[in-house]
Amino acid sequence: KILILDFGSQYTQLIARRVRETNVYCELHPWDMTAEEIRAFNPSGIILSGGPNSVYEEETPKAPQVVFELGVPVFGICYGMQTMAAQLGGKVESGKVREFGYAEIRAQGHSKLFDGIQDKTNAQGHGLLDVWMSHGDKVTALPPGFSVIASNEATPFAAMADESRRFYAVQFHPEVTHTHQGKAILARFVHDICGCAKDWNMPDYIAEAVEKIRAQVGSEEVILGLSGGVDSSVAAALIHRAIGDQLTCVFVDNGLLRLNEGAQVMETFANHLHMKVIHVDASGEFMKHLAGVTDPEQKRKIIGREFVEVFQRESAKLKQAKWLAQGTIYPDVIESAGSKTKKAHTIKSHHNVGGLPESMHLKLLEPLRELFKDEVRELGIALGLPADMIYRHPFPGPGLGVRILGEVKHEYAELLRRADAIFIEELRNTRDASGKTWYELTSQAFTVFLPVKSVGVMGDGRTYEWVVSLRAVQTQDFMTAHWAHLPYELLGKVSNRIINEVRGINRVVYDISGKPPATIEWE
Ligand code: XMP
């Protein structure tokens, strides 16, 4: 297995995902992991990530010395290369200009890292690679024992190696897809240089996870809060595969779910997968507590608190339960290098179904803790969950509670559910020129209920009814997002259908705000 030390680059998680795509297990840890922890991890190779610092500033992050003393291969990327160079006796200087974007570099000499990997060859027979650069500083003198293995004009030391110690480093980013051969280079490092076997794959993972769950749980009973989202669904299916009816799922209908969502969850889990699922209709209770509340953060708190209440009450009925299962995934548990220094400012308190209190006295079972989202999806498909559920857009924990602006009422939720179902249906049914549906082409799409009435005309009559807004965004990480340029025909059809089919709504608008400055949800 590979250890990745994180120096705070925005791309660090991508390195881990690329390594895992080569069927090798890896973990991400902050750069200041202790020597003891590193030895205990017993890596076959170590990757040093990029990061925002300059090695010549005071107090900059450094790789623990043990990294260079274990006798395992080390691969430095960007800042990882710079700190490797500085720590091993080379020199790093601030570049006059930042190099950002595509660059072509030329491989030179022979190196185990690049041999046979190239985009094309020049007249002299040197391999040329298209790579993605993003750096200000660069290495200007190699440490003893190293030689240059790739360069170009802007970056004479674009890559370096000490083959005898198996230390390699590149100034560019092999983990981003803009570096065409990036995955081949990472695969070369982990397979050929570190000698890792390709033993990280889904069928083996399922078999191992099943064994592990059985060993952990024994004959005890487990409860799980099923939301219908990807993570809790996959966790439920995996645990059920391991321990069958020792698992009971609790599905809480808070009255803020999408159209037919409860029925679909029961159909998939209870009827199709034959799992024990308790369907709790708590919508009345949620609505009662939300009555009169208009502040978004207040609404989130109430919905979160109510969920815990209902879940605890239901689980108290399961006297045998000793375990609480949760769909925590790897990005939720990674302690990032960045989070140590700055604490992100709370814009919205993202209540997640996760935060159940310790007072429940249950042991935690989190079988997805090692997996990235795309691996969770792959696992879900392998476990036989429907693709529609696995590739569904994210849905916030507070559900329609934050999509009904201001006070939440049952009547509003009913209208919104129907309008939203029409929008999603049309997105799923309309394709662009490439043949993809607009549902696939957008990252998140939904309808927002605006508690304002406007005047309309229908037939001979005047109407005075509610307004909804459609929202559809495209994003990689949900931190920034563009509004989707949906075709006018599609928007027109959705608008017509909603106004004709959902009595009570007479106006549909489209939200054309990006994030920032707007957020994806309206509350
Ligand atoms: P914003 O609105 O902050 O949304 O741009 C970014 C992503 O987070 C989701 N979101 C939430 N998810 N509980 C959740 O579980 C919440 O309270 C919450 N608020 C926003 C939002 O749907 C989007 O995917």
Legend entry - With Cα atoms, 0 to 90° folded angle of helix 12-21 axis to the chain main axis: 90 degrees
Inset, instruction - Amide H neighbours of GLN444 under 5 Å, at least 5 residues apart or on other chains, H built in the peptide plane: list them. - result: VAL473
Legend entry - DSSP-defined antiparallel bridges as percent of all bridges, the chain, nearest 5: 50 percent
Legend entry - Estimated FRET transfer efficiency when R0 is 60 angstrom, pair LYS120-ASN496 (beta carbons, to 0.05): 0.70
Legend entry - In sequence order, calculated HN-Hα J values of region 159-166 (Karplus, 6.51, -1.76, 1.60; Hz; x Gly/Pro): 7, 9, 8, 10, 4, 5, 8, 6
Inset, instruction - Can you tell me the 0 to 90 degree angle between the C-alpha axis of helix 296-316 and the longest principal axis of the chain, rounded to 10? - result: 80 degrees
Inset, instruction - Sticking to Cα atoms, compute the Rg of region 408-510 to one decimal and its Dmax as the biggest Cα-Cα distance, whole number, in Å. - result: 14.4, 48
Inset, instruction - For every other residue with a beta carbon closer than 12 angstrom to the beta carbon of LEU226, add +1 if it is Lys or Arg and -1 if Asp or Glu, then tell me the sum. - result: -3
Inset, instruction - May I ask which of LYS301/LYS409; LYS299/LYS363; LYS62/LYS112; LYS276/LYS317; LYS198/LYS373 have a Cα-Cα span longer than 22 Å here? - result: LYS299/LYS363; LYS62/LYS112
Inset, instruction - Quick one: which residues, 5 or more positions from ALA325 or on another chain, have an amide H under 5 Å from its amide H? H modelled 1.01 Å from N in the peptide plane, none for Pro or chain starts. - result: ILE223, LEU224, GLY225, LEU365
Inset, instruction - Using the number of other C-beta atoms within 10 angstrom as an exposure proxy, rank CYS78, CYS26 with the fewest first. - result: CYS26, CYS78
Legend entry - Residue-averaged 222 nm ellipticity for the chain, from DSSP H runs of 4+ at -39500 (n - 2.57), nearest 500: -9000 deg cm²/dmol
Legend entry - Amide H contacts of PHE75 (H built 1.01 Å from N, under 5 Å, at least 5 apart or other chain): ILE46, ILE47, LEU48, TYR168
Legend entry - Whole-Hz couplings from phi, Karplus 6.51/-1.76/1.60, listed for region 459-467; x for Gly and Pro: x, 9, x, 8, 10, 9, 9, 6, 10
Legend entry - Sum of side-chain charges, MET84 neighbourhood, beta-carbon under 14 Å (Lys, Arg +1; Asp, Glu -1): +2
Inset, instruction - Take the Cα radius of gyration of the chain and divide it by 2.2 N^0.38 Å, with N its residue count; two decimals is plenty. - result: 1.12
Legend entry - Expected-Rg normalisation [2.2 N^0.38 Å, Cα atoms] applied to region 96-236: 1.51
Inset, instruction - Arrange the following residues from fewest to most other Cβ atoms within 10 Å of their Cβ: PHE172, PHE100, PHE286. - result: PHE100, PHE286, PHE172
Inset, instruction - Rank these for me by crowding, THR475, THR268, going from fewest to most other beta carbons within 10 Å. - result: THR475, THR268
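Every number in this text was worked out from the coordinates using simple rules, so none of it is lab data. What you are looking at is a predicted structure, and each value in this text was computed from that prediction instead of being measured. Using ideal geometry, Cβ is built from the backbone for each residue, glycine included, and neighbour counts are taken over all protein chains shown.
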